[in-house]
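The values are calculated or read from the model by the stated rules, or taken from the named source; none is laboratory data. Note that the coordinates shown come from a computational prediction; the quantities given were computed from them, not determined experimentally. Don't worry about glycine lacking a Cβ; one is built from the backbone with ideal geometry, like all the others, and counts go over all protein chains shown. When the accessible area is computed, the model is the full protein with side chains, heavy atoms only, and any ligands, DNA or RNA have been set aside. Shrake-Rupley method; radii C 1.70, N 1.55, O 1.52, S 1.80 Å.
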Amino acid sequence: MTSAPVIWVMGLSGAGKSTFASHALKYLSSLDGGKRISRWQLLDGDQVRSFMGNDLGYGLADRRKSVKTVALAAHLLSQNGIGVVVANISPFQDIREHVRKSLPGYVEIYCCCSVETCSGRDPKGHYRRFREGALRDVVGLDIPFEEPLRPDLILDTERDDVTTNVHKLEKFLSETIQ
């Protein structure tokens, strides 16, 4: 069996990764079997962390472990013919490169959005709690987010809405994946 694609969506907290990934999943799932993949699964970093309970913190080492855990799950699904859409901050370039080399059919999508805009959205209150001194280990603030060196697709989630970005994914896939 041929490995299925893994669409890896990454960016800062509040950049719109999960929103885009859920819409992308609906689009990909709506494609007919002629596109080779009939089943798709969403792996959201927050859901994976929730499932793991308190076993993973938010420091550098635990963030690295979290990305590798999500990558392993994506790998297993992909090997079994299930397409995967991952939504994960994935702040470290070396880990992303490891994931790229480890997953056939890996497509890296960067949800590009300034930390100022993400902080304004602040869906989980991380940025506010950081400013108040009640939280640390926030990517983009005291943990650096390493800009991707060669993403396959960059989505401007600061300016473009989710529908526009799903159309960009559709166009990208039609031009690159036969």
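Would you indicate which of (i) 16.5; (ii) 17.0; (iii) 16.1 is the value of Kirkwood radius over Cα pairs in Å derived from the coordinates of this structure? Computed from these coordinates, Kirkwood radius over Cα pairs in Å corresponds to label (i).
Note the angle between two axes, namely the Cα long axis of helix 17-30 and the longest principal axis of the Cα atoms of the chain, as a number of degrees from 0 to 90, rounded to the nearest 10. The answer is roughly 10 degrees.
The angle between the Cα long axis of helix 60-79 and the longest principal axis of the Cα atoms of the chain comes to about 10 degrees, rounded to the nearest 10.
Taking Ser50, Ser29, Ser114 in turn, the Gaussian network model of the chain (Cα-Cα springs below 10 Å) assigns the largest fluctuation to Ser50.
Please identify every one of the trypsin sites (Lys or Arg not before Pro) in segment 62-129 that sits in a loop by DSSP and has no more than 15 other beta carbons within 10 Å of its own beta carbon. Don't skip to the end; give the middle numbers.
Details: sites: Arg63, Arg64, Lys65, Lys68, Arg96, Arg100, Lys101, Arg121, Lys124, Arg128, Arg129; in loops: Lys124.
Answer in residue order: Lys124.
Using heavy atoms of the protein chains and a probe of 1.4 Å, the accessible area assigned to Phe172 is about 40 Å².
Taking θ as phi - 60° and the Karplus parameters 6.51, -1.76 and 1.60, the scalar couplings of segment 89-106 work out to 3, 6, x, 10, 4, 5, 5, 4, 5, 4, 5, 4, 6, 8, 10, x, x, 6 Hz in sequence order, x denoting glycine and proline.
Over the residues of the chain, the helix contribution to mean residue ellipticity at 222 nm works out to -14000 deg cm²/dmol, using -39500 (n - 2.57) for each DSSP H run of at least 4. Heavy-atom accessible surface of His98, to the nearest 10 Å², is about 90 Å², with a 1.4 Å probe and all protein chains retained.
Taking amide H as placed 1.01 Å from N in the peptide plane, Asp44 has its amide H under 5 Å from the amide H of Ala87, each at least 5 places away in sequence or on another chain. Here the accessible area is traced with a 1.4 Å probe on the protein chains. For segment 40-150, carbon and sulfur cover 54 percent of it.
Between amide H atoms placed 1.01 Å from N, distances below 5 Å from Thr157 occur with Cys112, all of them 5 or more places distant or on a separate chain. Taking Ala21, Ala71, Ala134 as the candidate residues, the one with maximal mean-square fluctuation in a Gaussian network model of the chain, Cα springs under 10 Å, is Ala134. Over the chain, accessible surface divided per residue gives 52 Å², non-protein components excluded, 1.4 Å probe. About the centre of its Cα atoms, the chain shows a dipole size close to 380 debye [charges on the beta carbon of Lys, Arg (+1) and Asp, Glu (-1) only; nearest 20 debye].
Rounded to the nearest 10 degrees, the inclination of helix 162-176 to the longest alpha-carbon principal axis of the chain is 50 degrees.
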